[in-house]
């Protein structure tokens with residue numbers, strides 16, 4: 001066992017053990033506070049709804065633990081267990097080892113194996129957990145249809161991207177990592193631009209918001225905030241889930257605002273206006289651009305690291321691969337990187353929560369703070385979001401502030 005094997009195993013063990021410990025903390029903390037609704041929510045959320053949220057959180061955490069153990073086992077099997085080498089030998093019967101065709105099919109088959117291994121748990125999550133708590137509206141036929149569409153999209157978009165990255169790795173010298181990063185960055189920007197008009201409609205129906213009080217409120221909100229978009233649409237999210245949400249989609253001229261029909265049906269027009277003001281806050285405060293810039297910088301760092309590792313024989317040998325190829329370098333990096341980057345989660349989560357507080361503040365200056373607080377409480381209740389997460393688990397994972405902290409800021413004493 002070379003030194004890198006030990007480093008990789010130590011990182012994998014540390015990340016896995018920490019994630020299991022955080023899951024245990026979350027389960028214990030949520031269960032310990034199951035018996036009483038926090039005072040801030042006592043008037044709006046009944047005990048039965050609070051207990052449902054606690055049970056739902058525990059059930060999702062258990063599925064997350066199973067997912068973690070499966071993923072960790074799969075990473076070990078694919079690397080030190082020789083799984084990647086086996087896939088490489090199988091494709092060598094059809095394509096010359098080290099060729100672009102061999103590398104592309106090898107990487108695509110690796111993604112297929114990972115998806116296939118995760119499929120039973122995805123079915124369980126949808127048709128057992130979500131079904132048990134009354135959220136699932138997905139039929140098996142729709143699940144399969146989504147799966148087929150996603151697979152075809154991966155092939156249609158992923159194949160040329162993989163080919164391009166592998167070609168750059170082989171043909172552009174020692175700075176290949178810089179050119180590959182530029183290609184992936186450009187691809188990501190184009191994907192965000194085509195996502196609303198071309199990809200989202202493959203899965204959902206988007207209807208312009210009908211005339212009425214809500215449309216008038218939204219038009220006035222957009223006018224006073226100076227926001228221009230390709231439109232405000234209601235998405236038929238209810239055909240898959242009863243969860244409600246709102247989001248921005250697109251980039252530049254293609255950006256649009258999307259409301260789930262479940263959210264539009266549950267909230268009153270002033271509440272929807274306040275939620276949209278929050279979403280507008282993310283755009284106006286340049287949170288989206290800041291996160292894109294941060295992601296791009298982290299991606300550049302990742303490609304630079306890969307550029308250094310790809311030239312080191314110990315990198316391949318340390319992860320159980322005997323033949324060094326560009327496809328092997330890329331695959332092994334994708335498999336081995338997550339344990340090393342896991343401990344960046346709290347930093348990214350903290351930044352995201354800061355942005356959420358800032359967007360709330362923007363919303364209160366352009367809409368009614370009481371309406372936003374009321375809307376959030378309804379969403380917490382209807383989506384069965386726990387009101388009592390474990391603080392450390394929340395610090396690691398939660399992109400949004402804990403419910404109590406968020407509502408307290410909107411309802412100052």
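Below, the figures for the structure above:
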{"read-out": "For peptides 336-344, 50-58, sequence by mean Cβ density within 10 Å, most packed first", "value": "50-58, 336-344"}
{"read-out": "Share antiparallel - DSSP beta bridges, the chain, percent rounded to 5", "value": "65"}
{"read-out": "Where Rh is the Kirkwood radius over Cα pairs, Rg/Rh for region 275-413", "value": "1.15"}
{"read-out": "Distance between region 350-383 and region 80-129 - C-alpha centres, whole angstrom", "value": "42"}
{"read-out": "Calculated FRET efficiency for the pair residue 198/residue 36, C-beta based, R₀ 60 Å, to 0.05", "value": "0.80"}
{"read-out": "GNM flexibility winner over the chain from 242, 88, 99 (Cα, springs under 10 Å)", "value": "99"}
{"read-out": "For the chain, built as a Gaussian network whose Cα springs stay under 10 Å, the top-fluctuating residue of 247, 84, 333", "value": "247"}
{"read-out": "For region 288-413: relative contact order, % (alpha-carbon pairs under 8 angstrom, 6 or more apart)", "value": "24"}
{"read-out": "Diffusion coefficient, µm² s⁻¹, Stokes-Einstein with Kirkwood Rh over alpha-carbon pairs of region 116-184 at 37 °C and 0.692 mPa s", "value": "221"}
{"read-out": "Per-selection Kirkwood Rh - region 200-278 (Cα, Å, 1 d.p.)", "value": "12.8"}
{"read-out": "Rel. contact order, % - alpha carbon contacts under 8 angstrom, at least six apart, the chain", "value": "24"}
{"read-out": "Relative contact order (%) - region 227-375, alpha-carbon pairs under 8 angstrom, separation at least six", "value": "27"}
{"read-out": "Contour minus Cα-Cα distance for residue 124 and residue 146 (0.36 nm per residue)", "value": "6.3 nm"}
{"read-out": "Among (1) 21.3; (2) 22.2; (3) 23.8, the entry derived from the coordinates for Kirkwood radius over Cα pairs in Å", "value": "(3)"}
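Coordinate-derived values only; no laboratory data. Computed from a predicted structure; not experimentally measured. Note: ideal-geometry Cβ built from the backbone for every residue, glycine included; neighbour counts use all protein chains shown.
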